[in-house]
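Here is the structure we will look at, set down as structure tokens.
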């Protein structure tokens, strides 16, 4: 697996792609996310791929243009039309991963109906992505405080997310977020029993807020990995390494860390994140694999 620079999660969303690549190479990241907003032609995609290769980096993933598991049918169809062009350009550049999170409940649909609704939408999305060789990952969301805001509970654990992925299609994967795993009550044995390395599309690492129980954690308030020690992110990486995962790992601390990183110079923010992630990889006993 490799440390991936995801600009949106570490306060670098205003930094252009060329500068992201420079920061990633300078600070020991193994990859960066595909800059869909900056790529509008085949020539753009080719230049981005060449720049990545010249700096010894690989692609993380590309972000979908909308949340395909919210909104009405008109918005969903508009999103499919947008992603068609993005997927074509991402695939041309060699980026073959993307994801969508799954909300842990609904105020409109009970579980069985919501399951069918999710399978239908996700199949339409994967039918579009598949011909480009792009794999979709789904991310479950764990915090009880968010689950309790919905009338009807839905998928919020790793085993449930894996069953949903299976129902959608054989090549649908999982995005493994250590905060969601922790707040859902997940265990390392759950990961061993549920995931192969091939099944994982992306990994998000972080920590939980001290002074709160597992059930009191809030979705958008987290910490940098190894801060409170509540989330065993090192253990998760160790197990995923054992299971053969070779893909991207991003730091996703949300608030208040995100505002702190945004207040820094980009070089300082990148260094801060890279240093934290190196310590996490060391704690896990996992070597970052650079492109050959």
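Worth a mention:
- All of 289, 278 fail the test of being touching a strand residue (DSSP E or B) at 6+ places or on another chain (Cβ under 6 Å), touching a residue at least 60 places away in the same chain (Cβ under 8 Å), surrounded by fewer than 20 Cβ atoms within 10 Å (Cβ to Cβ) and closer than 26 Å to residue 187 by Cα, apart from 289.
- If you filter the range 68-89 down to residues that are part of a loop (DSSP other than H, G, I, E, B) and out of contact with any helix residue (DSSP H, G or I) (no Cβ under 8 Å at 6 or more places or on another chain), you find that the one that is surrounded by the most Cβ atoms within 10 Å (Cβ to Cβ) is 70.
- Filtered residue count, the range 228-245, keeping only those that are without any contact (Cβ under 8 Å) to a residue 40 or more places away in the chain and crowded, with 17+ Cβ neighbours inside 10 Å: 0
- Taking the range 171-192 as the range and being over 17 Å from residue 98 (Cβ atoms) and over 15 Å from the mean Cα position of the chain (by Cα) as the test, the residues that pass are 182, 183, 184, 185, 186, 187, 188, 189, 190, 191, 192.
- Within the range 8-20, the set of residues being part of a helix (DSSP H, G or I) and either surrounded by fewer than 23 Cβ atoms within 10 Å (Cβ to Cβ) or modelled with pLDDT under 95 (or both) comprises 8, 9, 17, 18, 19.
- If you check 67, 46 for being over 30 Å from residue 114 (Cα atoms) and modelled with pLDDT of 95 or more, only one passes: 46.
- Residue match in the range 208-227 (condition: at pLDDT below 95 and surrounded by fewer than 20 Cβ atoms within 10 Å (Cβ to Cβ)): no
- Given (1) on the phi > 0 side of the Ramachandran plot; (2) crowded, with 18+ Cβ neighbours inside 10 Å, index of the condition residue 118 fails: (1)
- Options 151, 92, 135: the member that is at pLDDT 95 or above and within 19 Å of the chain's Cα centre (by Cα): 135
- Residues of the range 246-269 classified as assigned to a helix (DSSP H, G or I) and surrounded by 24 or more Cβ atoms within 10 Å (Cβ to Cβ), total: 1
- Failed item, numbered, when residue 92 is tested on (1) free of Cβ contacts under 8 Å to residues at least 60 places away in the same chain; (2) in contact with a helix residue (DSSP H, G or I) (Cβ under 8 Å, 6 or more places away or on another chain); (3) under 20 Å from residue 252 (Cα atoms); (4) assigned to a helix (DSSP H, G or I): (3)
- Restricting attention to the range 115-135, the residues that are within 30 Å of residue 231 (Cα to Cα) and touching a strand residue (DSSP E or B) at 6+ places or on another chain (Cβ under 6 Å) total 1.
The values are calculated or read from the model by the stated rules, or taken from the named source; none is laboratory data. Here the structure is a predicted model, which means the values were calculated and not measured. Positions of Cβ are backbone-derived with ideal geometry, glycine not excepted, and every protein chain shown enters the neighbour counts.
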